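Here is the structure we will look at.
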Amino acid sequence: MPEWIERGIGESRVALIDHGRIVEARILLDGVARAGSRLDGRVKAVSPRTIVEAGGEEYFLPAGARSAAEGAKIAIEVTREAIPGAEPWKRPLAKVAGDTVLDASPIDARVLPFPGPDDALGRAGWWDVIEEARTGLVQFAGGELRISATPAMTLIDVDGYLPADELAVTGAAAAARAIRRLDIGGSIGVDLPTPRSKAARLGAAAAIDAELPQRFERTSVNGFGFIQIVRPRPRGSLVELAQDRAAFEARALLRRGALEPPGPKHIVAHAAVIAVLERHPDWIEAFTRQIGGAVSLRVEPSLTISGGYAEAA
């Protein structure tokens with residue numbers, strides 16, 4: 001399946017496409033060291049936790065750094081990127097770098113021209129993915145998923161109008177597809193309708209195995225319809241990125257605006273979104289180059305945080 005990458009303002013957008021639709025998506029924030037990157041740093045603390053400062057960021061090394069002393073130089077490999085959202089104090093993770101480090105860049109990606117006359121990413125369902133991330137709501141035939149990112153795990157509640165056993169299997173498959181599409185990693189709990197039969201519990205587990213690529217581990221579906229899945233978590237999911245709501249919406253707004261006809265623009269948005277743009281004059285400069293005209297910002301109190309727009313000046 002082809003992998004696409006689109007370089008945006010403040011972010012890069014990566015998507016895996018199958019039959020013209022996005023099956024995997026991720027957002028890579030500018031200025032964030034990618035998981036797999038090798039960095040040169042200095043040990044800031046060894047007790048009670050090993051902290052290394054590298055590239056202006058502090059990294060926590062869960063496995064420590066044997067024989068390292070405070071102030072010592074050290075090479076580290078990023079294992080989990082900084083995750084915005086409910087726990088801004090939580091540091092990114094790393095380990096002492098070995099001889100080989102994974103390439104953190106997408107391999108064999110097709111770089112999409114942006115902005116351009118053809119919004120290929122949009123046609124493949126990018127805006128649907130963004131809406132799922134911001135609302136946590138995912139529709140499927142016969143029901144709906146409600147996704148909530150908590151400090152402990154991501155929870156997915158399955159609800160709908162199908163018979164319980166059918167809904168458990170169908171909902172499990174939909175949850176697995178959403179996990180993949182929204183780049184959800186770490187500990188994940190899926191709460192299915194209580195299956196009435198053992199066959200339905202086995203069918204729900206099999207549906208997850210069929211839809212969700214390895215690597216992951218899972219429990220069985222218990223008698224109450226709950227199953228836990230654990231996947232690698234090298235970065236924040238789209239749902240977690242959306243928790244940093246104003247910045248998430250500001251970047252989405254710039255993408256929408258860049259697809260409008262070129263020329264000077266007024267960006268009209270919620271005060272929180274305008275505040276983010278004012279803190280990033282480099283984003284406005286880049287947007288000015290994209291549209292070929294001057295940009296002004298205006299707060300509109302009546303707009304929701306996701307309701308901003310760019311209009312011709």
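The values are calculated or read from the model by the stated rules, or taken from the named source; none is laboratory data. Owing to the predicted nature of the structure, the values given are computational and were not obtained by experimental measurement. Glycine gets a Cβ as well: all are built from the backbone with ideal geometry, and neighbour counts include every protein chain shown.
Need the failing condition index for A149 against (1) modelled with pLDDT under 95; (2) under 30 Å from I291 (Cβ atoms); (3) small (G, A, S), just the number.
(2)
From the list V268, V230, V221, exactly one residue is in contact with a strand residue (DSSP E or B) (Cβ under 7 Å, 6 or more places away or on another chain), under 30 Å from E77 (Cα atoms) and of a type in the set (A, V, I, L, M). Which is it?
On the way: V268 fails: under 30 Å from E77 (Cα atoms); V221 fails: under 30 Å from E77 (Cα atoms).
The unique qualifying residue is V230.
Would you mind telling me which numbered condition in (1) modelled with pLDDT of 95 or more; (2) exposed (fewer than 13 other Cβ atoms within 10 Å of the Cβ) G10 fails?
It is condition (2) that G10 fails.
Name, by its number, the condition in (1) at pLDDT below 95; (2) touching an Asp or Glu at 6+ places or on another chain (Cβ under 8 Å) that does not hold for P262.
Among (1) at pLDDT below 95; (2) touching an Asp or Glu at 6+ places or on another chain (Cβ under 8 Å), P262 violates only (2).
Look at L241 and say whether it is touching a helix residue (DSSP H, G or I) at 6+ places or on another chain (Cβ under 7 Å), under 23 Å from S187 (Cβ atoms) and buried (at least 18 other Cβ atoms within 10 Å of the Cβ). Write out each step before concluding.
Working: touching a helix residue (DSSP H, G or I) at 6+ places or on another chain (Cβ under 7 Å): yes; under 23 Å from S187 (Cβ atoms): yes; buried (at least 18 other Cβ atoms within 10 Å of the Cβ): yes.
Judged against the criteria, L241 is a match.
Return a yes/no flag: does segment 219-228 have any residue that is in contact (Cβ under 8 Å) with a residue 12 or more places away in the chain, touching a Pro at 6+ places or on another chain (Cβ under 8 Å) and either in a helix (DSSP H, G or I) or outside the structural domain of P151 (by TED's automatic domain parsing) (or both).
Checked against the condition, which is being in contact (Cβ under 8 Å) with a residue 12 or more places away in the chain, touching a Pro at 6+ places or on another chain (Cβ under 8 Å) and either in a helix (DSSP H, G or I) or outside the structural domain of P151 (by TED's automatic domain parsing) (or both), segment 219-228 yields no hits at all.
Would you check which residues across segment 10-34 are under 16 Å from the mean Cα position of the chain (by Cα) and outside any strand (DSSP E or B) and list them? Lay out the reasoning, then the answer.
Just the residues of segment 10-34 that are under 16 Å from the mean Cα position of the chain (by Cα), to begin with: 10-16, 22-34.
If the condition is that a residue be under 16 Å from the mean Cα position of the chain (by Cα) and outside any strand (DSSP E or B), then G10, D30, G31, V32, A33, R34 are the ones that fit.
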